[in-house]
Amino acid sequence: MSDDMDMEDGGTIKKFMFVNRKAPYGTIYALEALEVVLISAAFEQDVSMAFVDDGVYQLMKGINSEGTELKNFSKTYRALDGYDIEKLYVEQESLEARGLTEDDLLVDVTVMSAAELAATMAEQDVVISH
Amino acid sequence: MKFGILVNEGPYTHQAADSAFKFAQAALAKGHEVTRVFFYHDGVNNASRLTVPPVDDRHVVNRWAELGEKHGVDLVVCIAAAQRRGLLDDNEAKRQGKDANNIHPAFRISGLGQLVEAGIQNDRLVTFGD
């Protein structure tokens, strides 16, 4: 990342959840959300990502963005564990509504119900939604 | 209470920028502190000093600038999001070899670390977006 970083902050560790609600290529939200997530890793916070609604498409295997001239950023999701971002939560209802299962996703995730995800969200200090 | 605010949408197109401003204004009026407003995604367009709305309309950019100056709110524009949308301050314009700059002097450009920091340092980080 080219952005400046003012590293950690007096040792405070908060629970950050980044909620991804949008499909990966129709808008820039998914790409720019990933940029924040990667920067957050430098601050040594307790970071998780949630994928709901069309956001579950961000993790789909086999995306080919070539014809759109948009950079394919699927590999960035695979790189997240290298940044110690391993808590990836996917809402079960969103997968089912789109005919997807965990096998369609390119990284290991925790699939949870909307109710479970809501409970996890309620435990967070900071929720940033895109 | 200490608030940080995230604005993810541009002015005039989307209500998020208006709602964020009204929220900041209301929080300050109640005696709360608003330490930083971070502008991301199309929200960076809230910082264009070349904005010229019709005379009988609100001036979203100047309104932020006045709020920032009056209450010491740190108005931060994401540098990466700004650059890809053609928003540059004087330094960046020179560095990129451009012949103009358009970021209002009440705002400053910086990295996404400033958003994560706003999440860490404030009691609440409130997102306004789509």
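Stokes-Einstein diffusion for chain A, with the hydrodynamic radius set to the Kirkwood value over Cα pairs and evaluated at 4 °C in a medium of 1.567 mPa s, equals 85 µm²/s.
When only alpha carbons are used to place a centre, the stretch B:22-36 and the stretch A:51-130 end up 34 Å from one another. Helices that extend 15 Å or more along their long axis by alpha-carbon positions and average at least -0.5 on the Kyte-Doolittle scale are, among the DSSP H runs of chain B, B:16-29. Sorting A:65-71, B:75-81, B:88-94 by average packing, meaning the other beta carbons within 10 Å per residue, from highest down gives B:75-81, B:88-94, A:65-71. The charge dipole of chain A, taken about its Cα centre with unit charges on the Cβ of Lys, Arg, Asp and Glu (plus for the first two, minus for the last two), comes to roughly 340 debye.
Listed cross-link partners A:Lys14/A:Lys87; A:Lys15/A:Lys71; A:Lys71/B:Lys94 are compared with a 21 Å cut-off, the Cα-Cα value being larger for A:Lys15/A:Lys71; A:Lys71/B:Lys94. All other residues with a Cβ under 11 Å from the Cβ of A:Asp125 taken together, and with Lys, Arg as +1 and Asp, Glu as -1, what is their net charge? Spelling it out: positives minus negatives among the neighbours equals 0. Counting other Cβ atoms within 10 Å as a rough exposure proxy, the listed residues B:Leu115, A:Leu38 run A:Leu38, B:Leu115 from fewest neighbours to most. Its DSSP H runs of at least 4 residues, each contributing -39,500 (n - 2.57), put the calculated 222 nm mean residue ellipticity of the protein assembly as shown at -9000 deg cm²/dmol, to the nearest 500. Remark: mean inter-chain Cβ contacts per residue of A:120-127 equal 2, using a 10 Å Cβ-Cβ cutoff to other protein chain atoms. Inter-chain Cβ neighbour count for A:29-37, averaged per residue, equals 4 (cutoff 10 Å, partner chain atoms only). Separation of the stretch B:37-76 and the stretch B:80-130 by C-alpha centroid, Å? Here the answer is 12 Å between Cα centres.
In summary, the lysines within cross-link reach of B:Lys30, defined as a Cα separation below 23 angstrom excluding same-chain residues under 8 places away, comprise B:Lys2, B:Lys22, B:Lys70.
Per-residue shielding of B:34-44, expressed as the average number of other chain Cβ atoms within 10 Å of the residue Cβ, stands at 2.
Throughout, read-outs are computed from the coordinates displayed, never taken from laboratory work. None of these values were measured; they are calculated from a predicted model. As a convention, Cβ positions derive from the backbone with ideal geometry for all residues, glycine included, and neighbour counts pool all protein chains shown.
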